[in-house]
Amino acid sequence: MAGASVNRVVSPGPLHCLKAILEKEGPRSLFRGLGPNLVGVAPSRAIYFAAYSNCKEKLNGVFDPDSTQVHMASAACNGICVSLPNKQINVKSMSK
């Protein structure tokens, strides 16, 4: 097999793909599917930040205000508050 040539296919880079999408489908195609994603993400992020803020306000009275302990405990409390409802939803949706 000496002297055998190998044809390698070089995949186009991300900029080439972006250019091709813009030429064929237009700029609006880059945002296709963004709406439903935002509808799902925005409420969960709002709950996340509201829970974190409330935990932080309560824990500022327990620990030194705005200390590392306050941020760590607020994040832990927030993680529990936010993940438990999601776990229940996932368990219920899997059991169907």
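The values are calculated or read from the model by the stated rules, or taken from the named source; none is laboratory data. Just so it is clear, the model here is predicted, and its values are computed rather than measured. In this analysis, Cβ positions are derived from the backbone assuming ideal geometry, glycine residues included, and neighbour counts consider all displayed protein chains. The protein model used for the area step is the full one, side chains on, heavy atoms only, and it has no ligands, DNA or RNA in it. Shrake-Rupley method; radii C 1.70, N 1.55, O 1.52, S 1.80 Å.
The one condition from (1) assigned to a helix (DSSP H, G or I); (2) open to solvent by 60 Å² or more (accessible area, probe 1.4 Å) that D66 does not meet is (1). Answer yes or no: is there a residue in region 41-55 that is over 25 Å from the mean Cα position of the chain (by Cα), among the aliphatic types (A, V, I, L, M) and open to solvent by 90 Å² or more (accessible area, probe 1.4 Å). Looking through region 41-55, none of the residues is over 25 Å from the mean Cα position of the chain (by Cα), among the aliphatic types (A, V, I, L, M) and open to solvent by 90 Å² or more (accessible area, probe 1.4 Å). The single condition among (1) modelled with pLDDT of 85 or more; (2) among the hydrophobic types (A, V, I, L, M, F, W, C); (3) part of a helix (DSSP H, G or I) that V82 does not meet is (1).
Taking G35 as the residue in question, decide whether it is surrounded by 10 or more Cβ atoms within 10 Å (Cβ to Cβ), in a helix (DSSP H, G or I), of a type outside the set (V, I, T) and at negative phi.
Details: surrounded by 10 or more Cβ atoms within 10 Å (Cβ to Cβ): no; in a helix (DSSP H, G or I): yes; of a type outside the set (V, I, T): yes; at negative phi: yes.
Criteria not met by G35.
Taking the residues in region 7-32 that are of a type in the set (A, V, I, L, M, F, W, C) and surrounded by 11 or more Cβ atoms within 10 Å (Cβ to Cβ) as candidates, determine which candidate is farthest from G79 (Cα to Cα). I'd like the intermediate steps shown before the answer.
So in region 7-32, the residues of a type in the set (A, V, I, L, M, F, W, C) come out as 9-10, 15, 17-18, 20-22, 30-31.
Adding the requirement that they be surrounded by 11 or more Cβ atoms within 10 Å (Cβ to Cβ) leaves 17-18, 20-22, 30.
Details: C17: 38, L18: 37, A20: 42, I21: 39, L22: 40, L30: 32 Å.
Ranking the candidates gives A20 first.
Close Cβ contacts (under 7 Å, 6 or more residues apart or on different chains) running from residues in region 63-77 that are without any contact (Cβ under 8 Å) to a residue 60 or more places away in the chain and of a type in the set (V, I, T) to residues that are in a helix (DSSP H, G or I) and surrounded by fewer than 17 Cβ atoms within 10 Å (Cβ to Cβ) comprise V70/N60.
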